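Data first, discussion second: the structure below is written as structure tokens.
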Amino acid sequence: MTQPVTLTLNAGSSSLKFSLYDITGAPVQLAIGNVENIGRQPRLKASLGDGMPRVERELSPSEASDHPSTLKTVLTLLREHFPKAHAAVVGHRVVHGGPRFSEPMAVTDEVMAELRTLSPFAPIHQPHNLAGIEAARAAFPDALQVACFDTAFHRHHPKANDVFALPREYYDKGIRRYGFHGLSYEYVSGELKRIAPLLHAGRVVVAHLGNGASMCGILDGRSVASTMGFTALDGLPMGTRCGQVDPGVIFYMVQQEGRTIDEVRDIFYNKSGLLGLSGISNDMRVLESAGVPEANEAVDYFVFRIRRELGGLAAALGGLDALVFCGGIGENSRKIRRRICDGMDWIGIELDHDRNDSGAQVISTDFSRARIMVIATNEEIVIARAAKRLLSEQAGAGA
Ligand code: ADP
């Protein structure tokens with residue numbers, strides 16, 4: 001007997017994250033892992049089910065020279081461990097759905113063609129996401145491929161948060177505030193609905209603080225405003241991305257320093273943020289324990305920008321009922337959570353230091369007007385649920 005599963009894929013420039021879900025009923029995770037450094041010195045890390053030792057090993061260059069060969073290696077591994085698994089559907093994380101895609105889509109040739117036209121909007125991510133879809137289509141020619149977009153959650157935000165004050169023609173050309181991390185916000189918002197439905201119906205700010213970082217103001221489960229804009233560069237400083245800067249800086253670098261646009265892009269995406277400001281690391285754990293002024297300054301700026309955006313998002317929502325932390329830093333760094341929340345009682349949040357230190361889910365005091373929570377995000381399960389739903393809809397349509 002076969003076991004119905006969905007494979008989820010998140011293809012980056014030199015990485016492939018994957019997970020496998022049993023979709024007999026509500027999706028249950030069977031395996032999760034990633035391959036990093038594809039094409040250079042590839043390395044595989046995977047958890048392959050309860051009680052199984054974690055796999056961590058170097059791959060030979062030929063096992064992961066590009067996305068198709070990496071997918072083949074991953075599939076061989078998964079087939080060894082789950083010989084009965086049958087993937088009728090593969091779900092993909094796609095960074096950009098453009099103005100049109102506001103929900104997960106079954107991938108057809110026409111959808112692929114439209115997604116390719118969006119590559120200039122996300123040149124660092126989109127082509128790799130699409131390479132992952134192509135590789136999966138070749139590996140599973142009979143499976144349904146489902147694209148889930150990081151922009152989709154924000155697609156219905158108000159017009160005032162969709163525009164830049166540029167000549168109108170640019171809006172029509174698609175130069176808009178899209179917002180990203182939508183799969184994470186969808187998961188966290190859904191969890192809040194399950195745990196605390198009244199809060200979910202209110203004014204919520206979610207802070208997704210990982211290597212990539214953004215914040216989103218959510219009203220009754222719908223995105224109202226977010227810190228990321230046209231690309232995933234805007235807003236908060238991140239591991240290596242700058243976050244908000246005055247666009248005049250770009251003119252200065254090009255005109256006065258003679259840099260090429262590719263050099264500027266490399267600085268903004270890969271050499272800025274926590275890494276650029278500290279000159280030490282993009283990793284919050286390293287910076288928290290470094291104990292040198294440059295590391296402290298980088299962390300100070302990170303915290304300052306989050307507090308500033310919290311004020312802005314609360315204004316966009318007309319108040320605040322809950323602040324939820326997620327992402328590697330949001331879920332794990334009690335120091336950063338404390339630094340963000342302390343002294344913000346004017347906005348209605350009061351952190352309970354003991355609860356914060358103990359890793360509780362609710363970390364505000366009983367007297368805090370707005371609740372402060374930590375919810376571990378899970379983008380994979382959002383993709384797995386969408387994949388299962390579209391598979392069922394297609395089966396229903398075919399019946
Ligand atoms: P990505 O955006 O790549 O998915 P993650 O959500 O995994 O990133 O977050 C990675 C960040 O989380 C890193 O800066 C890492 O240092 C930070 N982090 C993870 N655990 C801790 C911890 N215990 N304390 C402080 N920072 C942490």
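The values are calculated or read from the model by the stated rules, or taken from the named source; none is laboratory data. All figures in this text were calculated on a predicted structure; none of them were measured in a lab. No Cβ is skipped: glycine too gets one built from the backbone with ideal geometry, and neighbour counts run over all protein chains shown.
Checking each residue in the range 244-280 for being within 14 Å of the ligand (Cβ to nearest atom) and under 16 Å from LEU209 (Cα atoms) picks out GLY273, LEU274, LEU275.
Of all residues in the range 1-12, none that is among the β-branched types (Val, Ile, Thr) has its Cβ atom under 9 Å from the Cβ atom of a residue that is at pLDDT below 90, 6 or more apart or on another chain.
Candidates are the residues of the range 103-142 that are small (Gly, Ala, Ser) and at pLDDT 95 or above; the one that is farthest from LEU233 (Cα to Cα) is ALA106.
Tell me, please, whether a residue that is away from the ligand (no atom under 16 Å from the Cβ) and among the aromatic types (Phe, Trp, Tyr) can be found in the range 338-347. If you could, list the steps in order and put the result at the bottom.
Initial filter on the range 338-347 (away from the ligand (no atom under 16 Å from the Cβ)): 342-347.
Among the residues that remain, those that are also among the aromatic types (Phe, Trp, Tyr) are: 346.
Looking through the range 338-347, at least one residue is away from the ligand (no atom under 16 Å from the Cβ) and among the aromatic types (Phe, Trp, Tyr).
Counting only helices (runs of 4 or more DSSP H) that fall entirely inside the range 293-399 and contain at least 1 residues that are under 30 Å from ASN161 (Cα atoms), touching a helix residue (DSSP H, G or I) at 6+ places or on another chain (Cβ under 9 Å) and in contact (Cβ under 8 Å) with a residue 60 or more places away in the chain, the qualifying elements are 293-317, 327-332, 334-341, 379-398.
Filter the range 35-46 down to the residues that are surrounded by fewer than 20 Cβ atoms within 10 Å (Cβ to Cβ) and at pLDDT 95 or above and list them by number.
Narrowing the range 35-46 to residues surrounded by fewer than 20 Cβ atoms within 10 Å (Cβ to Cβ): 36-37, 39-41, 43, 45.
Once the filter is applied, which keeps residues that are surrounded by fewer than 20 Cβ atoms within 10 Å (Cβ to Cβ) and at pLDDT 95 or above, the range 35-46 yields ARG43, LYS45.
Here THR240, THR231, THR227 are screened, and the one residue that is among the hydroxyl-bearing types (Ser, Thr, Tyr) and in contact with a Lys or Arg (Cβ under 8 Å, 6 or more places away or on another chain) is THR240. When the test is whether a residue is assigned to a loop (DSSP other than H, G, I, E, B) and away from the ligand (no atom under 13 Å from the Cβ), TYR178 passes it.
The residue of the range 217-226 that is surrounded by the fewest Cβ atoms within 10 Å (Cβ to Cβ), among those that are closer than 13 Å to HIS156 by Cβ and of a type outside the set (A, V, I, L, M), is ASP220. In this structure, ALA370 does not satisfy being away from the ligand (no atom under 16 Å from the Cβ) and touching a Cys at 6+ places or on another chain (Cβ under 6 Å). Whether a residue is small (Gly, Ala, Ser), at pLDDT 95 or above and over 23 Å from the mean Cα position of the chain (by Cα) was assessed, and GLY248 passes this test. For the structure I just gave you, tell me whether GLU58 is closer than 24 Å to SER13 by Cα, exposed (fewer than 15 other Cβ atoms within 10 Å of the Cβ) and either under 24 Å from the mean Cα position of the chain (by Cα) or not hydrophobic (A, V, I, L, M, F, W, C) (or both). Against the criterion (closer than 24 Å to SER13 by Cα, exposed (fewer than 15 other Cβ atoms within 10 Å of the Cβ) and either under 24 Å from the mean Cα position of the chain (by Cα) or not hydrophobic (A, V, I, L, M, F, W, C) (or both)), GLU58 qualifies.
Is it the case that GLY235 is closer than 21 Å to ARG339 by Cβ, modelled with pLDDT of 95 or more and in a helix (DSSP H, G or I)? Spelling it out, it is not the case that GLY235 is closer than 21 Å to ARG339 by Cβ, modelled with pLDDT of 95 or more and in a helix (DSSP H, G or I).
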